[in-house]
């Protein structure tokens, strides 16, 4: 017997969630309460424990999909013989190894959530008034013949389809059994096909035309090799296309905006169009900083940490903030107040596999160089592992973006919302430079500082950047200012 | 980080390593646990383990769509089980919404406790059967109810009779956030001036959802009792023996007609506020780790081991009981089915009402139509 697990509402009144990571694969044996999948809701990342014991028959939704509450996400076959002991999850305590659920309902109905609501009504009956109460029977069982499909399953569309497309909104898609079978083989969700048959039936021609149009094609300028017929699946080396849909002519892919990308966009729009940005630039000879780095690398005390130009730049920023604390502040538009922070939570922009994150080092102003280096290493490792917490990203007071690692000289960074300054640290190049009256090869970099002109004026921004530069030009300056 | 300074002056009998502490301050309380034997301590351990297993299973069921919401008691088992063990059968309990350990000890069936969280019922059990009121989700209302009930007990002549089977007290449970509600003030004023047999049992679990206790009080909560003329004690809430002892003292006072007591049990909510909450947004891993090392169950297990009261066969039995409980919760919670929709119309008015009757009929018709639609689709598939 196989059972389906419909996506529950894990908060109070959430309507959808994004599938972040499957922890099981088809063919795996799972125990009751073993973690199946990590999902991300509007509120948090949540792990879902299995309600069943058995063998995974199908994962019905893909990582990256945003799925409506009530949509079946996994199918598990509860064959008693196929359920040996599985290491229970540390989150939800020991799981039963025996399949205790064999007697339970096959419908997989969820108690909480949005169920089928109006979608179950095909329009045969009109409601007497208003919107019907959202009670309604939930996710009906799929017909046996359609079990085990990995493609989006026509049997599941009495639940409001994840895409909210028109066909699903009208209810069940009409099609003859051979067409349904073909749709399953082609991996096409019938609800996405435009029907032309009598009474809105999806015909074989409709289906074939849809499948043809949706096929990804190799273009002349596509990175894939057009002469290689096996290389028609660009998703493998182009992960950003994986969740998109290809246009009928194959020349464009539309990818829904979500999670980190969405939050980045919102933050950048909020910042760019509320804080008037001014950017100032400074080119500086950092040869002495490079010598300091070489010396620190040889220092036994620093043997277990990475000493980099970024680390010295962070220290320089902290010293400059100490001399110009007014820049370490935030504009509270609602209260019409400027909030001056007496601590520095130093943000470092980090490119991660999931996108841009800006975790910050809490109370960085209290840290000496060695502890700053350790904090930077921790922050970087956590970000790379994709484990940066919301708390680590909140309450930043100043940010550094290290564009130099990409070989770039400088830029005009956009402020992290709620902060008044952001420093872009450029690449360090060996450059002909006038030094003591002669042209010498020197290590030179560019610094740029964007600031919020509502609370920081040109004078303050310029003096601040000049002070950062003075420390990098002559790190001994730190002795005078520390 | 951990409020180490806040822990100064906590009444403690069992320290975090599981060792017994002997100080002049706790001498009177040590006397109150002197009559406890190995079986009593093992019973406390078993109740704490079962409470946690209930907690974990209910959390999993919420993640599986079987419960609308759940509030974990994880970390607060000692405060709840210790205080509940001190109760006499005739004493009465007013819980908040997280007192699963107290209700477990009072014998309220685990499935009945989950009916509210499934949206099945507004209550779940008969309070008179267990002398345990229903879960209360409105913050602080139960504190007033408890004091009113205690004043009723007093007027029934069930206080100060000297008969241990007759004298009755009322214990009310609430949290640090609730102390900021006006209800708590009113209840403490009435309890104090009337010498009501109320035991105010505050579980200070450090967080009112995302607000730290620093946002509720500038002094230890227990210090507030003095302002009402209510004897107060601040106890290590992760020490089951100390929680038992202070509750017993408070009950003795209430039974004898000595009036209310205010107990602050200093503990920690190890889980989220509810299944809708994400504590990583407002507290650090270091803090959680600090309290994980102060787990109340580990502490009692260490004592049982050191005193030779730990028995492997017995412990395996407890673990098996916990698993059996989890299996029963899984099965029987699902068997509750969908919440009955007709019930929501039944108790709106005491007498029949035309509008409600019309709405009930419409709902019934709607549900029938939905069933018809499903059948139609099945037939025309």
Notebook entry, point to check: When the range A:338-356 is examined, which residues are found to be part of a strand (DSSP E or B) and modelled with pLDDT of 95 or more?
Noted result: A:338, A:339, A:340, A:346, A:347, A:348
Notebook entry, point to check: Could you list, in sequence order, the residues of the range B:248-265 that are over 18 Å from residue B:148 (Cα atoms) and touching a helix residue (DSSP H, G or I) at 6+ places or on another chain (Cβ under 7 Å)?
Noted result: B:248, B:249, B:263, B:264, B:265
Item checked: Selection status of residue A:414, at pLDDT 95 or above and part of a loop (DSSP other than H, G, I, E, B) -> yes
Check: Got a sec? Which of A:350, A:392 is buried (at least 21 other Cβ atoms within 10 Å of the Cβ) and in contact with a helix residue (DSSP H, G or I) (Cβ under 8 Å, 6 or more places away or on another chain)?
Finding: A:392
Check: Given the range B:268-368, what helices (runs of 4 or more DSSP H) lie entirely inside it while holding 2 or more residues that are modelled with pLDDT under 95?
Finding: B:285-292, B:312-335, B:343-346
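Rundown of residues vs (1) modelled with pLDDT of 95 or more; (2) more than 14 Å from chain A (Cβ to nearest Cβ); (3) touching a helix residue (DSSP H, G or I) at 6+ places or on another chain (Cβ under 7 Å); (4) closer than 16 Å to residue B:236 by Cβ, yes/no style:
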residue	(1), (2), (3), (4)
B:5	no, yes, no, yes
B:30	yes, yes, no, yes
B:45	yes, yes, yes, no
B:86	yes, yes, yes, yes
Next item on the list: Just one of (1) facing chain A (nearest Cβ under 8 Å); (2) under 26 Å from the mean Cα position of the chain (by Cα); (3) in contact (Cβ under 8 Å) with a residue 24 or more places away in the chain trips up residue B:272, so point out which.
Entry: (1)
Item checked: When residues of the range B:123-135 are limited to those that are assigned to a loop (DSSP other than H, G, I, E, B) and touching a strand residue (DSSP E or B) at 6+ places or on another chain (Cβ under 7 Å), the one surrounded by the fewest Cβ atoms within 10 Å (Cβ to Cβ) -> B:131
Check: Restricted to the range A:37-59, and to residues that are in a loop (DSSP other than H, G, I, E, B) and within 10 Å of chain B (Cβ to nearest Cβ), which residue is surrounded by the most Cβ atoms within 10 Å (Cβ to Cβ)?
Finding: A:52
Next item on the list: Within the range B:163-210, count every residue that is without any contact (Cβ under 8 Å) to a residue 60 or more places away in the chain and either within 20 Å of the chain's Cα centre (by Cα) or closer than 17 Å to residue B:247 by Cβ (or both).
Entry: 9
Check: Does at least one position in the range A:421-431 carry a residue that is in contact (Cβ under 8 Å) with a residue 12 or more places away in the chain, under 35 Å from the mean Cα position of the chain (by Cα), under 30 Å from residue A:273 (Cβ atoms) and loosely packed, with under 14 Cβ neighbours inside 10 Å?
Finding: no
Next item on the list: Specify which of the listed residues (B:296, B:279, B:352) is closer than 30 Å to residue B:203 by Cα and more than 13 Å from chain A (Cβ to nearest Cβ).
Entry: B:296
Note to self: Given (1) over 18 Å from the mean Cα position of the chain (by Cα); (2) touching a residue at least 24 places away in the same chain (Cβ under 8 Å), identify the lone condition not met by residue B:111.
What the structure shows: (1)
Notebook entry, point to check: Which condition number does residue B:361 fail, the rest of (1) surrounded by fewer than 12 Cβ atoms within 10 Å (Cβ to Cβ); (2) within 11 Å of chain A (Cβ to nearest Cβ); (3) under 30 Å from the mean Cα position of the chain (by Cα) being met?
Noted result: (3)
Item checked: Unique match (being under 16 Å from residue B:273 (Cα atoms), in contact with a strand residue (DSSP E or B) (Cβ under 8 Å, 6 or more places away or on another chain) and buried (at least 18 other Cβ atoms within 10 Å of the Cβ)) among B:179, B:213 -> B:213
Next item on the list: Among the residues of the range A:62-73, count how many are outside any strand (DSSP E or B) and either over 15 Å from residue A:3 (Cα atoms) or within 11 Å of chain B (Cβ to nearest Cβ) (or both).
Entry: 6
Notebook entry, point to check: Out of curiosity, is residue A:367 over 22 Å from residue A:287 (Cβ atoms), within 24 Å of the chain's Cα centre (by Cα), buried (at least 20 other Cβ atoms within 10 Å of the Cβ) and in the same structural domain as residue A:474 (by TED's automatic domain parsing)?
Noted result: no
Check: Taking the stated definitions as given, is residue A:381 at pLDDT 95 or above and either part of a helix (DSSP H, G or I) or surrounded by 20 or more Cβ atoms within 10 Å (Cβ to Cβ) (or both)?
Finding: no
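The values are calculated or read from the model by the stated rules, or taken from the named source; none is laboratory data. Everything numeric here is computed off the predicted structure, so don't read it as measured data. Cβ atoms come from the backbone with ideal geometry, glycine included; neighbour counts cover every protein chain shown.
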